[in-house]
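Inspection log for the structure reproduced underneath, given as structure tokens.
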Amino acid sequence: MRFRRSLRARVVLAFALFGAGLSLLLMAGLFVAVHDLERRLVDEALTAELEDYISRRNRNPHSPPPDTTTVRGFVEPSERFSRDIPAAVRSLPEGRHALVLADRPYLVAVAERHGSRFWLLYDESQVLRRERQIILILAGAALLMTLLSAAGGLWLAGRVIAPVSQLSRRVQTLGPGDLPAALGQDYPRDEVGELARAFERFQRRLQAFIRRERAFTADISHELRTPLAVISGAAEVLLTDPALESRARARVERIARAVDEMGELTSALLVLAREEAGEAVTTAQCDVDSLIHEIVEKHRHLLRDKPVTVELGADDSPCVAAERTLLAVVLGNLVRNAFTYTRAGRIRIHLDRDGVVVEDTGPGLPQELGERILEPHVSGPGSAGAGIGLSLVRRICNRYGWRLELASQSGEGTRARLRFGSQHTPS
């Protein structure tokens, strides 16, 4: 929920809750004080009224008790002033009592003096009505105080968060290759200024990292390709020697294939590094069908002396807008895994409108591996590699928006489907 994530909203909510809590606490204390004061005043008035009537009664035995809209009195013995005493009142002991008569609340004072018994009833209806009015007034005041607190929090949040929002907008416009922005000098030496200076330091470290990565890419391009070219050339020269023994020739051919694979992998990593660094990389429409045939023939030596049948089929021949080297790495990895781990049976490679399917009857993958097989340094059982191949495939797929789907059952083979999505052109 965005309201909870917004720092401004959290500040406003905190102020509103603080205002509401403080106002409720104050209003509750005020109500208790007013209620207690009213009770004291009513009790004092009732006591004064009772003492006044007893004094008048002593001077004049025929003096009538109070009888107003709020106070009624009774006395015994007196035939005239005791005939209407309610039964619930008559049985009350001496002291102060609260009771309800005919749905109206009363405070009753009972006293005995000089052989006479006195009752004085105070109608509390008006007092309770005033208390309800006070409650409404206090509730309105609490609501108003809460709204004022929220408004104050909104204003204060705007003032406090404005520098943070400005810094956020400036940081969002910065790219990895931009020159370091002097963010810190535009802010005071407070928390926001320290945050700006931290961003500035981070941008400098990021640019230093990018420079080192580009230098490393250039060094790799030169330092690796040169010895690989030397090894490849030496292998080609050896293969042209008619006196080379068959066993030695097979080993040289293996060296030549390994050098070719290393060269392709190095080229793919360099291309991927340049693309991820934001450098322009030329792409072209790659014919997937012809590339698959090249890859199959290139890896067919892995099936030597194996009773394995390779089935190539195509319902369509799409072209994919991608760097050919990277596409070759993805398809080559899928084909190489199928050729390497299938001991007997069938390997089916099928090209359709959506992508490529590679199915084999190899040992399959344990169910617990699942999608983890695409993570770096995770490999299947019996693999001699470092678990980088499929993770590299995933990086390339993420780069171009492709999707790799693996379905495998231990002992029943593996089915890999590469979907090109919308970035391909059917033939």
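Nothing in this text is a laboratory measurement; each read-out follows from the coordinates by a stated rule. The shown structure was predicted, so the numbers you read here are calculated from the model rather than taken from an experiment. Methodologically, a virtual Cβ is constructed for each residue, glycine included, from the backbone with ideal geometry; neighbour enumeration extends over all protein chains shown.
Details
- Between the alpha-carbon centres of the range 308-345 and the range 15-34 there is a gap of 74 Å.
- Option label - Cα extents along the principal axes in Å computed here, alternatives (i) 153, 59, 39; (ii) 89, 55, 44; (iii) 63, 55, 47: (i)
- 5 angstrom amide H check on A314, placed H, neighbours 5+ away: L351
- Other-chain or far-sequence residues with amide H under 5 Å of L101's (modelled H): Y106
- Test item: Cα-centred dipole of the chain, Lys/Arg +1 and Asp/Glu -1 on Cβ, debye: 680
- The chain, relative contact order in percent, only Cα pairs under 8 angstrom and at least six apart counted: 10
- Rounded to the nearest 20, the Cβ-based charge dipole of the range 4-76 about its Cα centre (Lys and Arg +1, Asp and Glu -1) stands at 880 debye.
- Among H293, H114, H97, the largest mean-square fluctuation in a Gaussian network model of the chain (Cα springs under 10 Å) belongs to H114.
- Hull volume in cubic angstrom per residue (convex hull over the Cα atoms of the range 3-80): 118
- Protection proxy ranking of 260-271, 307-318 - average other beta-carbon atoms within 10 Å, highest first: 260-271, 307-318
- What the pair-distance distribution of the range 184-223 shows, using all Cα-Cα distances binned every 10 Å from zero, is 30, 29, 19, 15, 7 percent.
- Excluding exposed DSSP-loop trypsin sites (Lys or Arg not before Pro) (at most 15 other C-beta within 10 Å), longest clean stretch of the chain: 190-303
- Between the listed residues S6, V358, V192, the Cα displaced farthest toward the positive end of the dipole of the chain, a dipole computed from Cβ unit charges relative to the Cα centre, is found at V192.
- Using the Karplus relation 6.51 cos²θ - 1.76 cosθ + 1.60 with θ = phi - 60°, the per-residue 3J(HN,Hα) values for the range 300-307 come to 5, 4, 5, 9, 4, 6, 10, x Hz, with x marking Gly and Pro.
- Sequence-ordered 3J(HN,Hα) estimates for the range 329-346 from the Karplus curve with 6.51, -1.76 and 1.60 and θ = phi - 60° stand at 5, 5, 5, x, 5, 5, 5, 4, 4, 5, 5, 6, 9, 8, 8, 7, x, 9 Hz, glycine and proline given as x.
- Projecting the Cα atoms of I135, I292, S317 onto the charge dipole of the chain (Cβ charges, centred on the Cα centre) puts I135 farthest toward the positive pole.
- What the phi angles of the range 406-415 give under the Karplus curve with 6.51, -1.76 and 1.60, with θ = phi - 60°, is a coupling list of 10, 10, 8, 9, 4, x, 10, x, 9, 10 Hz, glycine and proline written as x.
- Antiparallel bridges, percent of DSSP beta bridges restricted to the chain (to nearest 5): 85
- Neighbourhood net charge (14 Å Cβ-Cβ; Lys/Arg +1, Asp/Glu -1) for G345: +1
- R113 long-range amide H proximity, modeled H, under 5 Å: F118
- D_trans [Stokes-Einstein, Kirkwood Rh over alpha-carbon pairs] for the range 1-136, 10 °C, 1.306 mPa s, µm² s⁻¹: 88
- GluC sites (Glu not before Pro) lying in DSSP loop within the range 52-134, provided at most 16 other Cβ fall within 10 Å: E79, E94
- Mean separation of Cα contacts under 8 Å (6+ apart) over length of the range 2-143, as relative contact order %: 23
- Fluctuation leader among E323, E200, E44 - the chain, Gaussian network, Cα springs under 10 angstrom: E44
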